[in-house]
Every structure is written in C-alpha cells, then in structure tokens.
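For reference, the structure discussed in these notes is given below.
The values are calculated or read from the model by the stated rules, or taken from the named source; none is laboratory data. Here the structure is a predicted model, which means the values were calculated and not measured. Every residue, glycine as well, gets a Cβ built from its backbone with ideal geometry; the counts of neighbours run over all protein chains shown. Ligands, DNA and RNA are excluded from the accessible area calculation, which covers all protein heavy atoms including side chains. Shrake-Rupley method; radii C 1.70, N 1.55, O 1.52, S 1.80 Å.
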Amino acid sequence: MNDRRLLALDLAVKAALVALLLFGAFSGLERFEGKAMAGRALVYPLAALVVPAVWWLWFRRTRYPYALDVLVVAPFLIDTAGNALDLYDTVTWWDDANHLVNWFLLVLGFGQVLLRTRLAPAVVFGLAVGFGATTHILWEIGEYLAFIRDNPDEFRTAYTDTIGDLALSLAGSVLAAGALGLWARRRSSL
C-alpha cells in the first residue's frame, strides 16, 4: 500500500476515534453511563498522538510508520466503537474478543518498532509478550480506578472478569509475539 493510502487510513482511524469519543461524551445515551467516557475522551486521543510525537521528536528523517500508528490506535477505536454500539452490554462475548484482538493489534504495533532493530527473534518475542502483559496490567488498573471500584454491579464480578481479560489479552499478546518472532527470524535469515 502506498503512503497516500496509508495516510488516508491513518487519518480515517483517528477521525473515527475522535468522532465516537465526542459522541460518547456528549450524547447523553444510557449505554455510556458508568463507562468512564470522560476519561476515555481525554486519554484515547493522547494515545493516538504517541506515535506521531515520538516520530517527530526522534525519527522524522525516516519514513512515517503508518502501519505502526494504525495498529496502535485501532484498539482504542474498537473499544470506543464497542461502547457506541452497546456491544459490551448486548453481546456476551464482545469484551472477551475485544481483549484478544486489541492486544494482538497493540503488540503487533509495538513489534513494528522491534522489527526495525537487529534483536534476535527470541528477544523480539520476549519483549513483545512483556509489553503486552505490562500494558494490559496497567489497563486493568485504569479500569478499576475509572469505573469498577465505585460501581457495586461492576465490582461484584470484577475479579472473574479481570482474570479472563488478563488471560485473553495475554493470549493475543503471545500470538502477536509469535508472528513477530517469525518475522524477525525470517529477516535474520535473509
């Protein structure tokens, strides 16, 4: 895919994220109650600025990493779309699929950075799994602070849900890390 199409995709993903966040924050719909939409509306756009900021500060003499940017922002868009479409409350498996897929995408994004190095495939795999595990633990802490601890309905099932979320996000991380390890291995054999 050429840079123009990648730029268009990158901008479309970010525009959709912002539009859905604004919809969630200001629509007044019941589906957004207790979902920490104000926090998401603040944090998610900041997350969408991480890749451009790092690229601008340290790597702007290189080609812009569109794939990395899209992979990092996509999980935030998927999460926000799930809330906007009320999938978390109407589709029993949505949250589970979300954790598996979103950490797969996020770790693939992080892996784009690792693949630019000369690290051994096993090191790429280990760093990718570690990144996925660490980011998901931080995510669960954020969820707890944002909307679980003060919500009796959420708090009642939070432990079981968190264990399941950790397992599925780790599985997505391991799958992505395995793919990255294979790419690193292929790269080192060329």
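Quick notes
- Cβ-Cβ distances below 6 Å connect the following pairs, each with a first residue in the stretch 31-44 that is within 17 Å of Tyr88 (Cα to Cα) and of a type outside the set (Val, Ile, Thr), a second residue that is outside any loop (DSSP other than H, G, I, E, B) and open to solvent by 20 Å² or more (accessible area, probe 1.4 Å), and a separation of six or more residues or different chains: Gly34/Phe147; Ala36/Ala146; Ala36/Phe147; Met37/Ala25.
- Taken as a whole, the stretch 165-184 holds no residue that is within 23 Å of Ala97 (Cβ to Cβ), loosely packed, with under 14 Cβ neighbours inside 10 Å and among the polar types (S, T, N, Q).
- Pairs, first under 14 Å from Trp103 (Cα atoms) and open to solvent by less than 40 Å² (accessible area, probe 1.4 Å) in the stretch 119-130, second of a type in the set (Gly, Ala, Ser) and assigned to a helix (DSSP H, G or I), C-beta under 6 Å, six or more apart: Ala128/Gly111; Ala128/Ala177; Val129/Ser173; Val129/Ala177
- Matching residues in the stretch 19-38 - criterion: being more than 18 Å from the chain's Cα centre (by Cα) and assigned to a loop (DSSP other than H, G, I, E, B): Ser27, Gly28, Leu29, Glu33, Gly34
- Unique residue being open to solvent by less than 60 Å² (accessible area, probe 1.4 Å), modelled with pLDDT under 90, among the hydroxyl-bearing types (Ser, Thr, Tyr) and under 23 Å from Ala38 (Cβ atoms) when the list is Thr135, Thr162: Thr162
- Options Ala67, Ala53, Ala19: the member that is over 25 Å from Val124 (Cα atoms) and open to solvent by 40 Å² or more (accessible area, probe 1.4 Å): Ala19
- Scanning the stretch 93-115 turns up no residue that is open to solvent by less than 70 Å² (accessible area, probe 1.4 Å), of a type in the set (Gly, Ala, Ser) and at pLDDT below 95.
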